[in-house]
Amino acid sequence: MALLHIAEPGQSTAPHEHRLAVGIDLGTTNSLVATLRSGSADTLPDEHGRHLLPSVVRYRQDAAPEVGGAALDAAVDDPLNTIASVKRLMGRGVEDIQRLGNQLPYEFSAAASGMPRIKTATGEYSPVEVSADILRALKHRAETALGGELVGAVITVPAYFDDAQRQATKDAARLAGLNVLRLLNEPTAAAVAYGLDRAAEGVFAIYDLGGGTFDISILRLNRGVFEVLATAGDSALGGDDMDHVIAEWMLREAGVEAGNDRRLLRRLKRDARAAKEALTAADSAPVQLVRMDGTFWRGALTHDLLNRQIDPLIERTLAPTRRALKDAGLKPRDIEAVVLVGGTTRMPRVREKVKTFFGREPLTDLDPDKVVALGAAIQADILAGNKPEAEMLLLDVIPLSLGLEIMGGMTEKIIPRNSTIPTARAQEFTTFKDGQTALLVHVLQGERELVSDCRSLARFELRGIPPMVAGAARIRVTFQVDADGLLSVSAREQTTGVEAHVAVKPSYGLTDAEIGRMLRDSIEHAGEDGAARQLREQQVDADSALAAVQAALVMDGGTLLSAAERAEIDLTMAALRAARAGTDTTSLRQAIQNLNHVTGEFARRRMDASVRQALAGHRLAELES
């Protein structure tokens with residue numbers, strides 16, 4: 001008897017159809033695409049057998065963009081039209097780019113959205129469009145190698161990418177014609193590759209130092225569950241910065257001023273990178289520079305010279321590492337193993353510093369350039385439905401707290417940092433004024449107590465609230481962060497069901513310093529932040545009390561109060577306004593209590609008058625029935 005293969009609605013009925021899905025590591029310096037074949041993950045090479053695709057795009061007149069090695073080769077001679085390290089520009093604003101100064105040999109303009117656009121001979125391109133060209137090349141490579149159309153891809157991003165940077169990555173993929181199965185944090189992807197291959201369990205540190213970003217993640221691996229306990233990092237720190245300081249050393253030694261000579265700057269960074277990579281296996285590397293007068297400066301980059309240049313940058317990676325351990329409640333000795341990820345971790349000095357910090361030799365079993373793509377490929381295979389029996393669960397976290405503005409310019413945190421995603425949390429709020437029919441919801445990101453110290457993500461209005469007395473409305477605000485780390489916020493008035501929502505999509509992300517500054521400031525200013533919040537809360541209470549008493553005086557002050565009583569209340573209100581203008585929370589609290597005490601009898605009389613009015617014209621028997 002023939003057997004029928006039964007499938008879910010919408011799924012193929014082919015019993016052994018393998019869906020083509022890939023993992024993509026969209027890197028600052030190089031990118032890779034990987035897939036699972038015959039149960040093993042491997043990266044896919046191009047027609048020349050090269051696995052790494054340089055993340056470089058060159059725009060030419062009357063020709064398709066060049067992507068990869070050919071573009072990299074042209075970077076020195078055509079710097080304005082050849083875009084490298086575009087990942088550093090993803091999700092950033094024009095002001096952020098300007099702070100990088102002459103590190104970027106491009107000319108920029110600003111789009112209406114605030115997103116920078118790079119000027120080239122063939123037009124202006126946003127970082128999203130440049131990244132899309134890189135992703136398009138990887139998609140073409142994968143479909144050529146696999147012989148079919150992809151159903152989707154898992155694309156990795158630094159764990160410390162904020163909402164704008166993640167959204168920009170997703171936009172680039174969509175522009176390249178890729179269906180994004182998930183955005184996966186790079187350290188988590190590395191853990192997937194190591195954890196499944198080694199059947200590891202315990203607490204691991206993933207130290208990820210690539211060409212342009214640094215991430216440190218602390219993960220607990222247990223029975224197929226990858227739980228991120230804490231994450232930290234720097235979205236603008238990596239091998240590119242090391243190339244830059246080596247190039248600056250060469251200029252100093254040669255006595256040359258580079259100025260705005262973009263070709264010279266590109267050539268120097270290329271030579272600096274080559275010398276740095278040569279020192280991985282050699283004791284010294286020759287370097288040279290042609291001076292303006294045509295003479296040559298020649299020198300040698302040794303390990304000692306290199307270490308002096310890059311040690312400050314490596315030390316910058318250890319501060320976020322300490323913070324992540326503290327957030328996870330751990331010490332370096334609690335870490336069972338350290339996994340190195342990213343091409344920059346090939347450097348002996350980086351490995352030496354990591355070993356010293358954690359007190360153990362780091363793991364280097366898998367190629368640090370490939371490990372992220374391999375982990376993404378494993379996850380893509382599962383999400384594509386090729387392994388329905390797989391029981392892997394990935395629990396990533398958000399890097400910074402999300403909340404909204406409440407009265408007094410204060411921040412109410414809804415989702416704290418290092419919360420596991422995907423997640424949804426809700427909290428109820430109410431109106432401040434009588435008859436309020438609309439509410440402005442201001443979404444914020446950061447660790448400080450005051451709105452002015454956090455970053456604004458979005459604003460939207462909830463309209464159609466029925467007029468009620470202050471405090472009667474019940475407004476439920478829900479924050480949802482999906483598996484890609486992207487945020488949406490909704491607000492719903494519970495009695496009427498009127499609702500508004502926003503998918504948070506800022507035009508550019510945090511600067512390289514802002515995330516670290518937010519976390520440092522939250523610790524350094526914890527005491528004063530607490531005092532400032534307490535003062536704002538007292539001020540809100542004072543405003544509420546003053547408004548309520550003023551409204552009562554307008555309605556009943558002339559009939560229920562003597563002239564002396566009214567004068568006493570007016571004096572007490574004036575004293576409260578004076579305390580409200582100051583910064584002494586004790587005096588302000590006392591002034592609120594004084595007003596409550598002075599108006600207590602007035603409130604009792606108003607209550608009695610309201611009861612008499614309600615009972616007027618009714619007999620006792622009517623009320624009893």
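The values are calculated or read from the model by the stated rules, or taken from the named source; none is laboratory data. Everything quoted here is computed from the prediction, not taken from an experiment. Ideal geometry is used to build each Cβ from the backbone, glycine not excepted, and the neighbour counts take in all protein chains shown. To get the accessible areas, we keep the full protein, side chains included, count just its heavy atoms, and leave off ligands, DNA and RNA. Shrake-Rupley method; radii C 1.70, N 1.55, O 1.52, S 1.80 Å.
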Point to revise | Residues that are without any contact (Cβ under 8 Å) to a residue 12 or more places away in the chain, open to solvent by 80 Å² or more (accessible area, probe 1.4 Å) and closer than 17 Å to residue 535 by Cβ, drawn from region 555-583 | key: 581
Check your understanding: For region 348-386, how many residues are assigned to a helix (DSSP H, G or I), among the charged types (D, E, K, R) and in contact with a helix residue (DSSP H, G or I) (Cβ under 6 Å, 6 or more places away or on another chain)?
Key -> 2
Practice item. Quick one: in region 184-212, of everything that is surrounded by fewer than 24 Cβ atoms within 10 Å (Cβ to Cβ) and of a type in the set (A, V, I, L, M, F, W, C), which residue is modelled with the lowest pLDDT? Key: 196
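Give the residues of region 420-447 that are under 21 Å from the mean Cα position of the chain (by Cα) and crowded, with 20+ Cβ neighbours inside 10 Å, sorted by residue number.
Applying the first criterion (under 21 Å from the mean Cα position of the chain (by Cα)) to region 420-447 yields 420-426, 441-447.
Across region 420-447, the qualifying residues are 421, 441, 443, 444, 445, 446, 447.
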**Study point:** Top-ranked residue of region 448-474 - restricted to ones that are among the small types (Gly, Ala, Ser) and open to solvent by 20 Å² or more (accessible area, probe 1.4 Å), ranked as nearest to the chain's Cα centre (by Cα)
**Key:** 456
Exercise for review: Only residues that are at pLDDT below 90, open to solvent by 30 Å² or more (accessible area, probe 1.4 Å) and not in a helix (DSSP H, G or I): list them for region 303-339, please.
Suggested key: 336
Review point. Considering 153, 137, which residue is surrounded by 24 or more Cβ atoms within 10 Å (Cβ to Cβ) and of a type in the set (A, V, I, L, M)?
Key: 153
